[in-house]
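The structure appears below as structure tokens.
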Ligand code: BES
Ligand code: MN
Ligand code: ZN
């Protein structure tokens, strides 16, 4: 599996003791603008705390947020290394972001196998247990590394191959730390699914991985090709018909809410490899299309997170898993398929496949499960990258309240959304000469016509579509993520559920 940080707690006094095993440890302390640690940390450090101002003077360290001072072989301490992290605001009103501090700790300590953090502050956080949870989550998110195919195995102190192995957060609330592990596991699962190569992760093997959520109490139903034929999912099946790998739809259900409460539903595009099909993509960069299942990965990671933390909600995750390949049996431009809804679709470009997959999964979820709302996630269009780059995902919705709640969850988690329009005039662009609609709308407004297409398969159910082509894969690395598969959206949707849909 992928490398990850193991977290635990200890007391601040214990943290200063010599290490039980050989190899030593790194000690982390936080200081304010006067270079003062918290009172408990200062008491534990005793006279050794004097190394901090001396070292700071040597390199102009002022204790600002985001800055760090690394002291090797600190006099008077059993630790091999003392990492001092600043918490003093750079600007008026700037707050300490404990999530980022967790990320920064891992970034600075890449090499250390054992880490002890004195989680104590001169200006303590208002909500100490939330701060500890955020810090722990930051450690976990930044500590993820996908290295299972590096045959030169990661050694414990090889900074190239993994962050710190074991971190003890001294003085932190153990329950708060335990509480974020399931969420971090969900993000890591999503990342790993996106990172895995397409010869290993294909519709059946993806479905097998989703099936593993049964261990957490999730009910998992797998629809095979005959089952989908019986339902009439010809739009989805048309995409997969050129592949040796049979398509699958997986429905995951977590029933943590009251018995008859309508479920909230999440739907993911799971194109395990998108070659474009007969409308073949150019070769350069095609390998990235192993990540065209990032929406499905997010939904699976979210279900993992909700079930691990026993969320008080009925949640449903449905993923459409296919491989889009060119072949003698593949779908052609010009083909007309009938979706499960009865809508006929003229295929103009076999590379506009994601919307065909989602059309049938959205329709099925809406009718079979009558959800309170549906949110779909899809690496749907290159055009969303043109519009928003990799900073925001595109948000399309038929419901203002759902759109606002999602936007707010995005602001809180940093997985940001920008709302884009839908509207009847765009619908004209997908009218077909031969069928009810066609699967592409021309060059202009490419992300909008794709969303408009999806809306044809949603009736009155509140629905939102997130176009994550820019954020789900190949994302720019940052304080919290160094992985190609970003796991984007798991924290966003966990937040949405937590803030608005859990029965408390
Ligand atoms: N999977 C792609 C979209 C994509 C592009 C995802 C770049 C991630 C990065 C999607 O299936 C696709 O090929 N879309 C076409 C649609 C077009 C044919 C109307 C596109 O965006 O070019
Ligand atoms: Mn495509
Ligand atoms: Zn695609």
Next item on the list: Return the pairs, sorted by first residue and then second, in which the second residue is in a strand (DSSP E or B) and near ligand 1 (Cβ under 10 Å from one of its atoms), the first residue lies in the range 263-278 and is closer than 16 Å to residue 238 by Cβ, the beta carbons are less than 7 Å apart, and the residues are 6+ apart or on different chains.
Entry: 269/378; 271/324; 274/324; 275/324; 276/324; 277/324
Next item on the list: With the condition kept exactly as written, say whether any residue in the range 103-121 is at pLDDT below 95, surrounded by fewer than 20 Cβ atoms within 10 Å (Cβ to Cβ), in a loop (DSSP other than H, G, I, E, B) and out of contact with any strand residue (DSSP E or B) (no Cβ under 9 Å at 6 or more places or on another chain).
Entry: yes
Checklist line | Yes/no for residue 281 being more than 30 Å from residue 178 (Cβ to Cβ) and either out of contact with any strand residue (DSSP E or B) (no Cβ under 8 Å at 6 or more places or on another chain) or within 14 Å of ligand 1 (Cβ to nearest atom) (or both) | finding: yes
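Can you tell me which residue in the range 5-21 is modelled with the highest pLDDT, limited to those that are touching a strand residue (DSSP E or B) at 6+ places or on another chain (Cβ under 8 Å) and in a loop (DSSP other than H, G, I, E, B)? Please lay out each step first, then the result.
Here is the first cut: in the range 5-21, the residues touching a strand residue (DSSP E or B) at 6+ places or on another chain (Cβ under 8 Å) are 5-12, 14-16, 19, 21.
Next cut, in a loop (DSSP other than H, G, I, E, B) only: 5, 11, 16, 19, 21.
Details: 5: 88, 11: 94, 16: 90, 19: 78, 21: 68.
Within the range 5-21, the match that is modelled with the highest pLDDT is 11.
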Margin query: Residue pairs, Cβ under 9 Å, 6 or more apart or interchain, first in the range 366-383 and within 13 Å of ligand 3 (Cβ to nearest atom), second at pLDDT below 95 and in a loop (DSSP other than H, G, I, E, B). List them.
Written below: 383/443
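Listed here are the residues, each with its yes/no results for (1) touching a helix residue (DSSP H, G or I) at 6+ places or on another chain (Cβ under 7 Å); (2) surrounded by fewer than 23 Cβ atoms within 10 Å (Cβ to Cβ); (3) under 22 Å from residue 351 (Cα atoms); (4) free of Cβ contacts under 8 Å to residues at least 24 places away in the same chain.
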residue: 413; (1), (2), (3), (4): yes, yes, no, no
residue: 429; (1), (2), (3), (4): yes, yes, yes, yes
residue: 433; (1), (2), (3), (4): no, yes, yes, no
residue: 446; (1), (2), (3), (4): yes, yes, yes, no
residue: 452; (1), (2), (3), (4): yes, no, yes, no
residue: 462; (1), (2), (3), (4): yes, yes, no, no
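Considering only the range 220-311, give the helices (runs of 4 or more DSSP H) lying wholly within it that have at least 3 residues that are more than 14 Å from ligand 2 (Cβ to nearest atom) and surrounded by fewer than 22 Cβ atoms within 10 Å (Cβ to Cβ). Steps first, please.
On the way: elements: 225-231, 234-240, 294-308.
In the range 220-311, the matching helices (runs of 4 or more DSSP H) lie at 225-231.
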Margin query: So residue 383 passes all but one of these: (1) within 13 Å of ligand 2 (Cβ to nearest atom); (2) surrounded by fewer than 23 Cβ atoms within 10 Å (Cβ to Cβ); (3) over 27 Å from the mean Cα position of the chain (by Cα). Which condition number does it fail?
Written below: (3)
Check: With (1) more than 22 Å from residue 10 (Cβ to Cβ); (2) at pLDDT 95 or above; (3) in contact with a helix residue (DSSP H, G or I) (Cβ under 7 Å, 6 or more places away or on another chain) as the list, and residue 65 as the residue in question, which single condition is left unmet?
Finding: (3)
Margin query: Let me spell it out: the conditions are (1) farther than 25 Å from residue 182 by Cα; (2) touching a helix residue (DSSP H, G or I) at 6+ places or on another chain (Cβ under 7 Å); (3) away from ligand 3 (no atom under 16 Å from the Cβ), and residue 389 meets all of them except one. Which number is the exception?
Written below: (2)
Note to self: I need every pair where a residue in the range 125-142 that is surrounded by 24 or more Cβ atoms within 10 Å (Cβ to Cβ) has its Cβ under 6 Å from the Cβ of a residue that is assigned to a loop (DSSP other than H, G, I, E, B), sequence separation at least 6 or different chains.
What the structure shows: 132/172; 132/173; 139/5; 140/5; 141/480; 142/480
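The values are calculated or read from the model by the stated rules, or taken from the named source; none is laboratory data. This one's a predicted model, so the numbers in the text were calculated from it and none came from an experiment. All Cβ positions, even for glycine, are placed from backbone atoms using ideal geometry, and neighbour counts span all protein chains on display.
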